[in-house]
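Scroll down for the structure; my scribbles are underneath it.
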Amino acid sequence: MPSLQTSEPARGFAAELRHIDKTFGAGTAEEVPLFRDFSFAMEKGSSVSVVGSNGSGKTTLLNILCGSVRPDAGEVLLDGARIDRLAEFRRSRLLGRVFQDPAAGTCPRLTVLENLSLAENKGRRFGLSRGVSRKRAGFWRAQLEQLHLGLEDRLDVPVGSLSGGQRQALALLICTMAPIKLLILDEHTAALDPKSSENVMELTERFVREKGIPVLMVTHNLKYAAAFGDRLIMMHRGKIVFDVSGAQKKTLGIRELTDRFDEISIEDGNSV
């Protein structure tokens, strides 16, 4: 197993991309250069919202961090340690990721109880003992009560029978049960109805506040992007074109964010 390699001394960053190059379809007629000497860093304990047009590099940024996309050049660091040589499944022990699709973050054929048991044992060695301990049912019920969705009374229900909002809330809980160094939210409210979206965002803010986990959230919802976290970046054609944090972030309005999006759309020849 490749080990984490310490690069330069940690400078208080939860996650960092250094001098990343990435071209898709290199050497083919469909070659698409995206990142050229791209760098990004987020401080420990921070919550960062990422917005941008389609093809701007938002999802690729997440995928490079998680290991599902390998950069052509550059370094990827988590909590000051190099992880770019770690396989994706090794990084999953350090990262939590909630996907856009509610079906992606849970095992639909397993019950709520079984999903929680797997989550609690994340990163541990498995032997021949039982995978689910009924002695822990009380603990898991207490965890589920935080969601205010009545799932504490549905421990033996297959997750595939839950609504999209319930599954996404459960996926969020699952991601934050085991200790992680970074929580990645990949359009995690995009497939939900407005009421479920609001519930999941409220849970997100509460979990992040209570657990102190640094968060990187990609979203198309400008209202959520402006309201969530302490920093917002806007990406365009593989570059960060807008970066606001602190007091400026708190006073950022939807109108200003929309105007900047409109500028990008006009630049790309799209109507607004």
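Side notes on the structure shown:
- Of the residues making up region 202-222, those that are within 30 Å of GLU145 (Cβ to Cβ), open to solvent by 10 Å² or more (accessible area, probe 1.4 Å) and in a helix (DSSP H, G or I) number 7.
- Pair list, Cβ < 7 Å and 6+ apart or interchain, from region 232-259 residues that are within 14 Å of SER49 (Cβ to Cβ) and assigned to a loop (DSSP other than H, G, I, E, B) to residues that are of a type in the set (Phe, Trp, Tyr) and open to solvent by 60 Å² or more (accessible area, probe 1.4 Å): none
- Being of a type in the set (D, E, K, R) and modelled with pLDDT of 95 or more is a property that GLU30 lacks.
- Between ALA137, ALA169, ALA142, the distinction of being assigned to a helix (DSSP H, G or I), free of Cβ contacts under 8 Å to residues at least 12 places away in the same chain and out of contact with any Gly (no Cβ under 9 Å at 6 or more places or on another chain) belongs to ALA142 only.
- A residue that is at pLDDT below 90, open to solvent by 20 Å² or more (accessible area, probe 1.4 Å) and closer than 24 Å to GLN100 by Cα cannot be found anywhere in region 223-243.
- Any hit, region 85-94, residues being over 19 Å from the mean Cα position of the chain (by Cα) and within 15 Å of VAL69 (Cβ to Cβ): yes
The values are calculated or read from the model by the stated rules, or taken from the named source; none is laboratory data. No experiment lies behind these values; they were computed from the predicted model shown. Because the Cβ atoms are built from the backbone with ideal geometry, glycine has one as well, and the counts that use them run over all protein chains shown. We work out accessible area using only protein heavy atoms, side chains counted, and drop any ligands, DNA or RNA first. Shrake-Rupley method; radii C 1.70, N 1.55, O 1.52, S 1.80 Å.
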